[in-house]
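Enquirer: To start, I am sharing the structure in question, which I have written as structure tokens.
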Amino acid sequence: MPRVDALTERAIASLRHALGEEHDHAWLAGTALCVLVDPALHDPLARHEHTRALTRWPLPIERMHPARRPYLLHIPGSLVHERALNASLRIAVEERLGCHDVGSDQPRSVCAWIGLQADVGHAPLFPLAQALARRAALRPPPPHRGPLPLFRYWDPRVTLHLPACLGDAWAAALQAMGVRAWWTLDALGALCAVGGEQAPGHDAPAGARTPSSDTFSPNARQWQALQVIGWHNRVAQLLPAWGLPAAPAPRAVGEAVQRALAHGLHEEADVLAFVHCALTVHPLFHRHEDVSRALAGLPGSGQRRSGFAAIASQWSEAWIDMLRRGEWRAHHCAGASTPSTT
């Protein structure tokens, strides 16, 4: 599998660089590192020859069956365990590429590589496992009542969006737990850091609440952003077919989804068609006078409109190229022509 091999090698090189040992073959020496594994759908690392003997620390999440609870896999800081870490990276790449998908099941068992703030033995991982487990209880903003929802924040399809959704609350939570860095793979199989210092452009939303020692407590705006993550993941499934050179920034996807919903689109085909145009044509394509008119004229009312996908599918390549160039914005959308379907 040439693509798996290439992406695995790139992920290994990226993690070496992140650990600051790019040119040192003994790059694991002295590194405090563990892998966060979710065995809910499958667990290749439990059977792999290079990882099956390593120490595991389950996250004591009471509402989950013990066999399905995530766990920390401790990677001791020595060269002899480099193969174990490489195996985890390879399996993660395979999962991102769908090699382990079975029907609608899309397992993400290898969720993250966690760098700790100090070298650790086995015992200090127990408090970390407890702290991670407590964060699985999400406290929604008022007027929520009843049991706290389970927050599977460790799933990379969720984690990737947390800096944008939670702002400083995510970074503060990691710091409180002694986590130096949190690495995961993006939708295209590239290693990225999701933690540490707040990424540019990911300012904490106004009114963000300081995280408690036990749970994430998003405010109303953060809560709304968390609800959009499902759309992010649906878009991620389609990215290879869309031919983008790199995974779009989570903020770009989130803004496109929010704009689609604001226009009343609710059917999957319409929302995805809108996001596709925003990412591949022009991020502000909807502001073109004729596009805006077409959106306003869709059947339905308020937040229940439909039919955008059918309209966009009829646009000619010439008209799409005009939108992509963005020259119409300089003229304030004046004198725009009717979208051509020929």
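The values are calculated or read from the model by the stated rules, or taken from the named source; none is laboratory data. Computed from a prediction, not measured in an experiment: that's the story for all the values here. All Cβ positions, glycine included, derive from the backbone under ideal geometry; neighbour counts span all protein chains shown. Just so you know, the surface numbers come from the protein's heavy atoms only, side chains and all, with ligands and any DNA or RNA stripped out. Shrake-Rupley method; radii C 1.70, N 1.55, O 1.52, S 1.80 Å.
Enquirer: What ranking, highest mean first, results for peptides 139-151, 48-60, 310-322 when packing means the other Cβ atoms within 10 Å averaged over each residue?
Expert: 48-60, 310-322, 139-151
Enquirer: Subtract the Cα-Cα distance of residue 188 and residue 50 from 0.36 nm times their separation in residues, and report this length gain in nm to one decimal. Don't skip to the answer; put the middle values down first.
Expert: Values: separation 138, 0.36 × 138 = 49.68 nm, distance 2.54 nm.
So the extension gain works out to 47.1 nm.
Enquirer: Continuing with this model, one more query. Given labels modelled 7 Å from the Cα in the Cβ direction, how far is it in nm from residue 224 to residue 62?
Expert: Going from the residue 224 label point to the residue 62 one covers 3.5 nm.
Enquirer: With no solvent and one point per C-alpha, what does the Debye sum give as log10 I(q)/I(0) for the range 210-288 at q = 0.10, 0.23, 0.27 Å⁻¹?
Expert: Cα-only, vacuum Debye calculation for the range 210-288: -0.27, -1.07, -1.39.
Enquirer: Got a number for the accessible area of residue 168? Probe 1.4 Å, square angstrom, nearest 10.
Expert: 80
Enquirer: Sorting 16, 3, 108, 251 by accessible area (1.4 Å probe), largest first, what list results?
Expert: My answer, sorted largest first, is 3, 251, 16, 108.
Enquirer: Further, regarding this structure: Give me, ordered by chain and number, the residues 5 or more places off residue 154 or on other chains with an amide H under 5 Å from its own placed amide H.
Expert: Distant-sequence amide H within range of residue 154: zero hits.
Enquirer: Moving to a separate point now. If amide hydrogens are placed 1.01 Å from N in the peptide plane, which non-local residues have theirs closer than 5 Å to the one on residue 265?
Expert: Amide H to amide H, under 5 Å and 5 or more residues apart or across chains, residue 265 pairs with 305.
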